[in-house]
Amino acid sequence: MKNVIQSMAFPFTFNYLCTSHRQNKVIKLHDKYFKPFISAQQIDDAVSRMVQEIANDVGDEVPVFVGILNGSFMLTSDFVKKYPNPCEVTFIKLASYEGLKSSEDIQRLIGLTQDLTGRTVIILEDVIDSGKTLNEVHRIFKNEKVKSLKIATLFFKPEAYNKDFKLHYIGIEIPNTFIVGYGLDYDGLGRDMPDVYQLKTTQHMTNIVLFGPPGAGKGTQADFLKEKYDLVHISTGDVFRYNIKNETALGMLAKSYMDKGDLVPDQVTIDMLNAEVEKNADAKGFIFDGFPRTNAQAEALDNLMNDKDSQINAMIALEVDDEVLVQRLLNRGLTSGRPDDADEVIIRNRIAEYYKKTAILKDYFSDQDKYFGIDGVGSIEEITERLSKVINSL
Ligand code: AMP
């Protein structure tokens with residue numbers, strides 16, 4: 001493995017997740033889930049760097065770029081479009097039976113179709129992992145009297161590489177995980193995607209944010225949905241009330257805010273939420289009720305889900321008219337014993353807090369195509385049905 005990377009002094013190493021909102025979606029191909037890994041923009045930057053480096057080295061020669069099909073069709077196309085000087089392009093097609101299996105079998109399906117005697121040849125590979133395709137590539141070129149043969153790969157998995165062939169140009173070094181997108185497939189699917197995704201190895205969770213103003217019926221619906229979908233329900237309001245009842249330090253802190261209908265400070269709420277999620281490490285998913293209520297909380301929740309190799313799948317909002325809410329809460333106050341339900345001024349403040357600080361979260365989740373608004377007026381069963389329809393479609 002030493003000296004494999006000959007001319008590229010600083011290959012770009014990539015080992016963190018994309019966090020851009022638009023690409024924050026886990027996708028399913030056949031039976032597997034994949035999470036966003038490397039964005040189209042990051043790939044474009046890497047291709048540009050490789051083009052520049054190769055063009056500098058090649059100088060006035062007219063090189064022949066040889067794409068290795070199928071995976072490198074997208075790289076080859078993007079690469080030659082960026083290449084600043086005249087060049088030729090051809091392909092060879094090797095089948096490696098990759099998928100998720102690891103086989104040493106490489107089959108040559110289409111070999112060289114033109115004479116490359118005396119030419120400067122640069123192989124364009126989408127990904128090099130164990131390096132087994134390079135055996136076949138070198139076998140193909142052994143008897144060709146090319147002037148020079150160099151290997152360029154967009155992605156390289158150093159941990160998996162077990163050959164001695166030199167790799168002359170590397171776009172992005174990645175850990176030894178299975179990736180799809182930008183020409184790479186899982187059992188036929190995924191080649192068309194402009195971004196690269198990474199196989200998710202942890203259990204797939206369903207995480208729902210139940211959203212809506214106070215009194216919209218989030219708690220009632222969460223009780224049904226947690227049974228139906230085997231999810232853990234976390235209501236931040238309930239956790240605060242539990243702490244107040246037990247006179248914990250957290251309860252005492254939260255009480256002063258809650259009594260007025262104000263929001264408890266973000267950091268206090270976020271820390272508490274993190275702890276609640278950690279208590280349920282084996283959960284198949286969560287229903288978050290009353291959280292997030294601010295942008296800072298939404299970002300904290302995204303980070304927490306990312307750390308768990310998961311994500312929020314949907315924010316489902318129960319939409320209910322303000323006056324209906326006030327009436328519902330006053331009625332609830334007759335029996336709930338909640339001081340913040342007993343006083344119309346406090347109720348209206350809670351609703352105002354919702355519109356001032358919380359309703360903006362609709363945009364946060366809409367931007368990720370994760371917002372679903374449903375009519376929150378009707379019988380409990382009807383509303384459960386509406387919610388279930390959304391969850392079943394995720
Ligand atoms: P709820 O039961 O969801 O209506 O919440 C009751 C009260 O708990 C709110 O009025 C807030 O004072 C506090 N609270 C609950 N969730 C949060 C949150 N995510 N952020 C800040 N305060 C919260």
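The values are calculated or read from the model by the stated rules, or taken from the named source; none is laboratory data. Everything quoted here is computed from the prediction, not taken from an experiment. For neighbour counting, all protein chains shown are included, and Cβ atoms are generated from backbone atoms with ideal geometry for every residue, glycine included. Surface accessibility is based on the protein's heavy atoms, side chains included, excluding ligands, DNA and RNA. Shrake-Rupley method; radii C 1.70, N 1.55, O 1.52, S 1.80 Å.
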Could we say that G215 is at positive phi and small (G, A, S) here?
-> yes
Test: residue in region 267-274 that is surrounded by fewer than 19 Cβ atoms within 10 Å (Cβ to Cβ) and within 21 Å of the chain's Cα centre (by Cα) = yes
Considering region 227-257 alone, what residues qualify as being open to solvent by less than 40 Å² (accessible area, probe 1.4 Å), out of contact with any Asp or Glu (no Cβ under 6 Å at 6 or more places or on another chain), within 15 Å of the ligand (Cβ to nearest atom) and touching a residue at least 40 places away in the same chain (Cβ under 8 Å)?
-> T236, G237
Selection over region 174-211 where residues are surrounded by fewer than 18 Cβ atoms within 10 Å (Cβ to Cβ) and not in a loop (DSSP other than H, G, I, E, B) yields a count of 2
Does region 135-145 contain any residue that is assigned to a loop (DSSP other than H, G, I, E, B), buried (at least 17 other Cβ atoms within 10 Å of the Cβ), in contact with a Leu (Cβ under 9 Å, 6 or more places away or on another chain) and at pLDDT below 95?
-> no
In region 265-374, which helices (runs of 4 or more DSSP H) lie fully inside it and hold 3 or more residues that are within 16 Å of the ligand (Cβ to nearest atom) and of a type outside the set (D, E)?
-> 266-278, 295-307, 322-336, 344-353, 361-366
Can you tell me which residue among F165, F224 is away from the ligand (no atom under 16 Å from the Cβ), among the hydrophobic types (A, V, I, L, M, F, W, C) and either under 24 Å from the mean Cα position of the chain (by Cα) or not in a helix (DSSP H, G or I) (or both)?
-> F165
Restricted to region 48-85, and to residues that are among the hydroxyl-bearing types (S, T, Y) and part of a loop (DSSP other than H, G, I, E, B), which residue is surrounded by the fewest Cβ atoms within 10 Å (Cβ to Cβ)?
-> Y83
Could you please find all residues in region 92-104 being acidic (D, E) and either modelled with pLDDT of 65 or more or farther than 16 Å from G71 by Cβ (or both)?
-> E104
Boolean, R338 is more than 30 Å from K28 (Cβ to Cβ), among the basic types (K, R) and in contact with a Pro (Cβ under 6 Å, 6 or more places away or on another chain) | no
